[in-house]
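The values are calculated or read from the model by the stated rules, or taken from the named source; none is laboratory data. Keep in mind the model is a prediction, meaning the values are calculated, not measured. Note that each Cβ is placed from the backbone with ideal geometry, even for glycine, and that neighbours are counted across all protein chains shown.
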């Protein structure tokens with residue numbers, strides 16, 4: 001069985017050499033955030049507050065894995081305590097940090113939709129071609 005070598009978007013050494021802001025931008029730039037945003041954005045006036053910054057919430061969920069933040073509770077705590085991290089995730093200084101319940105609703109919407117699978121397939125095709 002032949003071994004297929006898969007090209008990478010960027011090497012792990014390049015990622016480690018980057019500043020956090022550059023690292024986040026490099027990772028987020030290849031993900032179609034607009035597609036995810038359309039899937040999870042609020043369509044009715046019931047439920048989650050309308051003033052939530054959904055784009056920043058989506059980015060912070062991805063950055064959570066990059067920074068090895070184990071739980072949503074720890075993510076919310078880090079966003080509340082670290083203003084630089086908050087800004088790097090796309091929140092404005094004036095934005096309120098979403099609650100764990102808001103993140104839970106976001107993750108439920110993400111898991112119910114198939115947009116992450118579609119984005120993963122698109123990324124794999126981009127790497128292979």
Every listed condition ((1) modelled with pLDDT of 90 or more; (2) part of a helix (DSSP H, G or I); (3) closer than 21 Å to residue 116 by Cα) holds for residue 85 save (3)
Given (1) farther than 18 Å from residue 30 by Cβ; (2) in contact with a helix residue (DSSP H, G or I) (Cβ under 6 Å, 6 or more places away or on another chain); (3) modelled with pLDDT under 95, index of the condition residue 49 fails:
(2)
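Let's see how each residue does on (1) in a helix (DSSP H, G or I); (2) in contact (Cβ under 8 Å) with a residue 60 or more places away in the chain:
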position	(1), (2)
68	no, no
73	yes, no
76	yes, no
109	yes, yes
124	yes, no
127	yes, yes
Among the residues of the range 112-121, are any in a helix (DSSP H, G or I), modelled with pLDDT of 85 or more and surrounded by 17 or more Cβ atoms within 10 Å (Cβ to Cβ)?
no
How many residues, within the range 85-100, are surrounded by fewer than 18 Cβ atoms within 10 Å (Cβ to Cβ) and in contact (Cβ under 8 Å) with a residue 24 or more places away in the chain?
4
